[in-house]
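Worksheet: one structure, shown below.
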Amino acid sequence: MSSYLELTARQRIPAIFDAGSFEEFLPPSERVASPHLAQLDAPVSFDDGVVVGRGRLGGHVVFGAAQEGGFMGGAVGEVHGAKLVGMLRRAIDEKAHAVLLLLESGGVRLHEANAGLIAVSEVMRAMLDARAAGIPVVAVVGGSNGCFGGMGISARCANVVIMSEEGRLAMSGPEVIETANGVEEFDSRDRALVWRTTGGKHRYLMGDCQMLVADDTAAFRAAALEAIGSIGNASLTLEDLLAEQAMLSRRLADTEGLAEPMDVWRKLGVPDPASVPMLDADAFLELAAPYRAGGQR
Amino acid sequence: METLHYRFEQGTRPLGGMPQLVGVVGSGNLEVLIEAAPLQGACEIDIRTAAVGFGATWQAVMADFHARWRLADARISINDMGATPAVVSLRLDQAVESLTGGTP
């Protein structure tokens, strides 16, 4: 086992893609850093917190990106977003086999205000454009900063989301909810609660991620290969949207009034929900598969 | 932010290979970009740091670094978020090792 969680973005790329195959676009030596952060007299990074490029996965040409959670929590600024969008557009131009996004982000970089918000919306559009061009898009969420805000939405624009239990996926992050609605609503320091509500197991049971793996680079790589191979029609169809809407409606009705994830799991039919957080990935999948709310692929 | 610049003449160890980036611009950490550059045998180091007023410490850490490696025709660029001198030294060594694979 080799932890994915503990790697930097630059270490994740060679751990997931075929050895030596990745060619980076706009590498750090090009020094395309954030002009906004420089104006604010804040630290910048030579890659603005994201690696983008073209590599191979299982021999196929797969475009990809890895967000660096250690730089401003992986937050998306104008340059960071433009790099993601440029990579996705080039993947369309070059008819890539697939796009693999190694996401770790708190969402929009608030320092860059509207430029960051627009950047995230452009990322979503570019992801859907890639899918419309028949290119499967797969998102991986397994970093310690999770995937929140605009990037949480972006992740769900992918055909498949792959998570580890340690990965987290949501709209508002724990601190944001506590700040906005009070500690009675959500105690962001309750780590077990945070993972029960946003972690990979809950997302899998709720149908928000389609694959759950152990925190292991080989497991993530194998899941990415399997996911890309399993996607027939990558484009988002009306039938897909209607099926997703039906799933969400059913899920909402099934879980109405339930605030504690363990109650939600019990409602889904999971036997002994209290045991779920302690199970390893394989044991969890065996237990959870029959009860998950399902989800769009 | 504070910007610092150092140049050490007459290095003896030229660099080869593609530019490399090590480290991350996070709290108490830094990123080091190392590249070969035609500098008449010198090693130039550009630093952008969030910790203002530590020029003398940087000077000492950079002089130690140059004494260890004596790089020639090398450009090193640093984005720093308050890394301690020991962390800076380790990152610099990691950067050089990523290009040369060698030890001082």
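FYI, it's all coordinate maths here, none of it is from the lab. From a predicted model like this one, the values you see are computed outputs, not experimental measurements. No Cβ is skipped: glycine too gets one built from the backbone with ideal geometry, and neighbour counts run over all protein chains shown.
Computed from backbone phi, the HN-Hα couplings of segment A:42-51 come to 10, x, 10, 10, 5, 10, 6, x, 8, 9 Hz, rounded to whole numbers (Karplus: 6.51 cos²θ - 1.76 cosθ + 1.60, θ = phi - 60°; Gly and Pro given as x).
Here B:ARG13 and A:ARG56 are evaluated by their C-beta separation; at R0 = 30 Å the FRET efficiency comes out at 0.30.
Only DSSP H runs of four or more residues enter the estimate; each adds -39500 (n - 2.57), and after division by the residues of the protein assembly as shown the mean residue ellipticity at 222 nm equals -12000 deg cm²/dmol.
A simple spin-label model places pseudo-atoms 7 Å from Cα toward Cβ; at A:ALA180 and A:PHE25 they are separated by 3.2 nm. Residues whose amide H lies under 5 Å from that of A:GLU104, counting only those 5 or more places away or on a different chain, are A:GLN67; hydrogens are built 1.01 Å from N in the peptide plane. When peptides A:155-167, A:237-249, B:8-20 are ranked by their average number of other Cβ atoms within 10 Å per residue, the highest-first order is A:155-167, B:8-20, A:237-249. Near the amide H of A:ALA98, within less than 5 Å, lie the amide hydrogens of A:PHE63, all on another chain or at least 5 residues away, with H placed in the peptide plane. Helix A:113-132 against the longest principal axis of chain A: what's the angle in degrees, Cα atoms only, rounded to the nearest 10? In chain A, helix A:113-132 runs at an angle near 80 degrees to the longest axis. Projecting the alpha carbon convex hull of the protein assembly as shown along each direction and taking the average yields 20.7 nm². Averaged over the residues of peptide A:37-45, the number of Cβ atoms from other protein chains lying within 10 Å of each residue's Cβ is 4. Helix A:238-254 axis versus longest C-alpha principal axis of chain A: approximately 40°, rounded to the nearest ten.
Against chain B, whose longest principal axis comes from its Cα atoms, helix B:85-100 is set at around 30 degrees.
Peptide B:78-86 has a mean of 2 when you count, residue by residue, the C-beta atoms of other protein chains within 10 Å of its C-beta. In order along segment B:56-70, the Karplus-derived 3J(HN,Hα) couplings, from 6.51 cos²θ - 1.76 cosθ + 1.60 at θ = phi - 60°, round to 5, 5, 4, 4, 5, 5, 5, 5, 4, 4, 5, 5, 6, 10, 6 Hz, and Gly and Pro are given as x.
The Rg/Rh ratio for segment B:51-104, using Cα coordinates for both the radius of gyration and the Kirkwood hydrodynamic radius, is 0.95. Among beta bridges identified by DSSP and lying wholly in chain A, the antiparallel ones come to about 40 percent.
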